[in-house]
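The structure under discussion appears below in the form of structure tokens.
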Amino acid sequence: MSKKLLLEKAHVEGIRTYDVYRREGGYRSVEKALKTMSPDQITEEVKKSGLRGRGGAGFPTGLKWSFLAKPAGVPRYLVCNSDESEPGTFKDRYLMEFIPHLLVEGLIVSSFALGSNRTFIYIRGEYAWIVDILEQAIEEAKANGWLGKNILGSGFDCEIYVQRGAGAYICGEETALIESLEGKRGNPRIKPPFPAVKGVWDSPTVVNNVETIAAVVPIINIGAEEYLKIGVGKSTGTKLISACGNINKPGVYEIDMTISVEEFIYSDEYCGGIPNGKKLKACIPGGSSVPILPTNLLLKTAKGETRYMNYESLSDGGFATGSMMGSGGFIVFDEDQCVVRHTLTLARFYRHESCGQCSPCREGTGWMEKILKNIEYGKGKMSDIDLLWDIQRKIEGNTICPLGDAAAWPVAAAIRHFRDEFEWHVNNPDECQKRNYGLAHYADPRPLAVPA
Amino acid sequence: MVQFPENKIKKVQEIIARYPEGKQKSALIPVLHLAQEEFGWLSSETMDYVASLLKLEPIEVYEVATFYSMYNLKPVGRYMFEVCQTGPCMLRGSDNIIEYIGQKLGIKPGETTADGLFTLKTVECLGACGYAPMMQMGKFYREHLTKEKVDAIIDECRTKASTLN
Ligand SMILES: Cc1cc2nc3c(=O)[nH]c(=O)nc-3n(C[C@H](O)[C@H](O)[C@H](O)COP(=O)(O)O)c2cc1C
Ligand code: SF4
Ligand code: FES
């Protein structure tokens, strides 16, 4: 069993309620932080812990906090990103649904560290029932003196509010989220200025993911020194992985980042293998935006080394032969699945979610969807595959926000690793309507050290 | 005439109080949710009413209402089935579920049944990929859908509607 820091208590009977949560040791980190530490000491501790943002980019949290501008007399804000809309990702929902007080506790400590007296949880609009769960937890915390004025006699005031979005993936991007919180369309802002200088209502703002904020609780409780010992290299602590697709046990797992991808997929402690005795074809290990990998690059790197479930190992080989940890949305494909069809659903997703500000993203996503549709429905040409490749190249890096890249990468990786499956669709327009290409060679052992 | 009941007006005031002085525009998205709850969809009268409540120009409200996918700018059925069609759900058979619901209700995605009871809509990933196939129905999710479950949900809605009428 790997060590659990976040979900250890998630299934204790009644843990959603304040009394049980407190009895199980909840809110100790607030006592420790507010009574014995200064805001800067907390930031230092988070820095030392090596915690990396769990929203997808993996940026060091302590460092991000230290960039927050602190001009005198100007309020600062902490905003928790609960927009969670990346296909394959449902870990934040799990945490908020089952152990909401953990997020509230983390938010109080983090708000104290950053000097945020008014903290917002921006949650995707569809998670409507979770708003009630969170508001209940906030109310209980307030009734017990953990929120409000002069918390624990520290002189620190804090309120937490839950704000619902209304259906827009782009509002997970932090500057779009800020626009949305201000009551506008979710159009990402041009950076700089960064939110740390000019965020919500022009004030310095930190936006952090739910899991990032929750991880602050164990870091304060056990100390950065102990936290660092869990995991490996620059992948410290534990990570929530939401596993879905063709596996026996879809769900949310807390892992300590030392286990192999193979163990994660096949062990009964985690995904429990592939149903119906099917073989593994491919996997998107970190949410829909990160590159898909065929089995033979998923379980072992191009160098032939075991691939592990951590930031470094998943990205080993770069985009040529590796992928990314991303948001931890782990999507598994069995041998019966069609990569072209899946890529089409993702292209449609990004076209639907593009805010439309930049032409490469607005036009490119629509164009890619159209071409993929043709290929999938047996109306594609061989030159379409190269055209797709060209379009995604022209989106990447040429847009205001990273949604453009996020739309380009899945298409690029699908063509890079599964080109023969695209070609088969073009060459067999009738047959591809009746059956899928299947496993092909995607699980065969690879020759070692493929040139990039 | 479009008008919130007393308790909703109070709720609007509470929401505005969350933000700094003069930033009541931030209340727009939550207040549009309240309006949709109350009136079922957002007509231009409703949006104008929201604008007046928050001291905004009507155009500021239209801009926002048209951006976000959860707002209904047309009347919808009493029960809206919003079925997820994104990759992870597709891997577990969402296409079949969408087709089945469509056949059973005699409508295509985007349409409403003639009796005004059901609307079928396809949506993108709802953060329930591990419990696929799934759909949103009102405030809650219905997960691990099968044909049998869909049958039961439709019956449940019909029964509920007949007791309401
Ligand atoms: C298109 C897009 C969607 C995003 N969606 C989310 C999201 O749903 N949740 C999230 O925490 N971060 C999301 N991010 C990342 C945020 O911009 C931001 O980096 C993150 O909230 C920072 O928190 P962290 O440092 O704690 O990870 C998204 C980024 C992009 C470009
Ligand atoms: S990249 Fe796409 S989503 Fe991002 S700002 Fe440009 S158009 Fe909008
Ligand atoms: S893909 Fe359907 S809920 Fe995520």
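The values are calculated or read from the model by the stated rules, or taken from the named source; none is laboratory data. Worth saying up front: this structure is predicted, and the values here are computed from it rather than measured. Reconstructed Cβ throughout: ideal geometry from the backbone, glycine too, with neighbour counts over all protein chains shown. All accessible areas refer to the heavy atoms of the entire protein, side chains included, with ligands and DNA or RNA removed. Shrake-Rupley method; radii C 1.70, N 1.55, O 1.52, S 1.80 Å.
For this structure, a couple of remarks:
- Any chance B:VAL76 is away from every other protein chain (no Cβ under 12 Å), outside any helix (DSSP H, G or I), in contact with a Ser or Thr (Cβ under 7 Å, 6 or more places away or on another chain) and open to solvent by less than 20 Å² (accessible area, probe 1.4 Å): no
- Residue list for the range A:381-406, filter: closer than 21 Å to A:GLY287 by Cβ and hydroxyl-bearing (Ser, Thr, Tyr): A:THR399
- Selection status of A:TYR266, touching a residue at least 12 places away in the same chain (Cβ under 8 Å) and of a type outside the set (Val, Ile, Thr): no
- Flag: A:ALA412 matches the condition of being surrounded by 17 or more Cβ atoms within 10 Å (Cβ to Cβ), away from ligand 3 (no atom under 16 Å from the Cβ) and within 19 Å of A:GLY318 (Cα to Cα).
- Residue among A:LEU7, A:LEU68 that alone is closer than 14 Å to A:VAL206 by Cα and part of a loop (DSSP other than H, G, I, E, B): A:LEU68
- Answer from A:GLY364, A:GLY329 - the residue that is facing chain B (nearest Cβ under 10 Å), among the small types (Gly, Ala, Ser) and either open to solvent by less than 20 Å² (accessible area, probe 1.4 Å) or within 19 Å of A:PRO275 (Cα to Cα) (or both): A:GLY329
- Among the residues listed as A:LYS370, A:LYS379, the single one being more than 14 Å from chain B (Cβ to nearest Cβ), over 18 Å from A:HIS417 (Cα atoms), outside any helix (DSSP H, G or I) and not small (Gly, Ala, Ser): A:LYS379
- The range B:88-113, residues that are without any contact (Cβ under 8 Å) to a residue 24 or more places away in the chain and facing chain A (nearest Cβ under 8 Å): B:MET90
- The residues of the range A:177-193 that are within 12 Å of another protein chain (Cβ to nearest Cβ) and open to solvent by 50 Å² or more (accessible area, probe 1.4 Å), listed by number, are A:LYS184, A:ARG185.
- Residue that is more than 10 Å from chain B (Cβ to nearest Cβ) and either within 16 Å of ligand 3 (Cβ to nearest atom) or not charged (D, E, K, R) (or both), where the choices are A:PHE120, A:PHE156: A:PHE156
- Selection of the range A:14-47 for residues being among the hydroxyl-bearing types (Ser, Thr, Tyr), open to solvent by less than 20 Å² (accessible area, probe 1.4 Å) and assigned to a loop (DSSP other than H, G, I, E, B) yields only A:TYR27.
- Residue in the range A:381-396 that is open to solvent by 60 Å² or more (accessible area, probe 1.4 Å), more than 18 Å from A:THR295 (Cα to Cα) and within 16 Å of ligand 1 (Cβ to nearest atom) present: yes
- Tally of residues being in a loop (DSSP other than H, G, I, E, B), crowded, with 17+ Cβ neighbours inside 10 Å, at pLDDT 95 or above and among the acidic types (Asp, Glu) across the range A:251-287: 0
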